[in-house]
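The values are calculated or read from the model by the stated rules, or taken from the named source; none is laboratory data. Quick caveat: nothing in here was measured; it's all calculated off a predicted structure. Cβ coordinates were reconstructed from backbone atoms using ideal geometry, including for glycine residues, and neighbour counts include every protein chain displayed. Protein only, heavy atoms only, side chains kept; ligands, DNA and RNA dropped before computing areas. Shrake-Rupley method; radii C 1.70, N 1.55, O 1.52, S 1.80 Å.
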Amino acid sequence: MNKTPVIFIVVIVFLGLNILIGYLAFAEPPDYLINATPESISVYQGNSSSFKLNLTSLRDFESKMMVGIKEAPDGVEISMENDEIQLSNEKNLILKMNVKVDSKAPAGLYDIVIEANGNGLLHSVDLKLNIIGTGQIIVIIQDFWYFPNNLTVRTGSEIIWINRDLVGHTATADNGEFDTNMLQQNQASLSIVFDKVGVYPWFCVPHPQMVGAVKVIE
Ligand SMILES: [Cu+2]
């Protein structure tokens, strides 16, 4: 018996199923696609700020939505002035968001996720929150990395690096302006004061792939 027709039918059915699955997965576009600006906000440690988020629907839809914060870093409280909004076709909507940053909230760059829920369908928007350090800031060295490794501080702030790894590390300025020298496990550096505006990248002498940077602002 010639098996060619059987194989042919099997291949056709297989391809047909794939096309059908692909259609089901992609044919129905998500009901809610929103965009938010600004994409990044900054708040000083121990401060509160309000922001206007500009929400835009990228597709035609009209819906009542519940808006809330899904994820915020420790020591940060975020609330929406209106937690229920009406997002309309192609209209921009301004949403007021209040951000309260505890003085102990760690300085650095964080992701916050805002989630909108309309008729059971979820859509999230990611924003960057830059917590600007003031006073004394601790950078932890752990697992061959700096936490935070990218931070903004106000002039006059000081940074102390603490090594939590078994092996020794340094935080050494690229331009040679500061150097913690070798820090052994659980050793803290002397505090380094940043009183000049600028960007100061640093690295670890024995592990140059370990890098960080501090941006000093007015
Ligand atoms: Cu190192």
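A few points about this structure:
- For Val205, the amide hydrogen comes within under 5 Å of the amide hydrogens of Thr170, Thr172, counting only partners 5 or more places away or on other chains and with H modelled in the peptide plane.
- Using R0 = 22 Å, the C-beta based FRET efficiency linking Ser40 and Val193 works out to 0.25.
- Of the chymotrypsin sites (Phe, Trp or Tyr not before Pro) in segment 113-218, the ones in a loop by DSSP (not H, G, I, E or B) with at most 14 other beta carbons within 10 Å are Phe144.
- Solvent-accessible area per residue for segment 122-211 (1.4 angstrom probe, square angstrom): 49
- In nm, spacing of pseudo-spin labels at Glu71 and His207 (7 Å Cα→C-beta vector): 2.3
- Subset of Lys52/Lys104; Lys128/Lys215; Lys70/Lys215; Lys52/Lys128 violating a 20 Å alpha-carbon distance limit: Lys52/Lys104; Lys70/Lys215
- Linear extension gain, Thr56 paired with Glu115, 0.36 nm per residue minus alpha-carbon span: 19.8 nm
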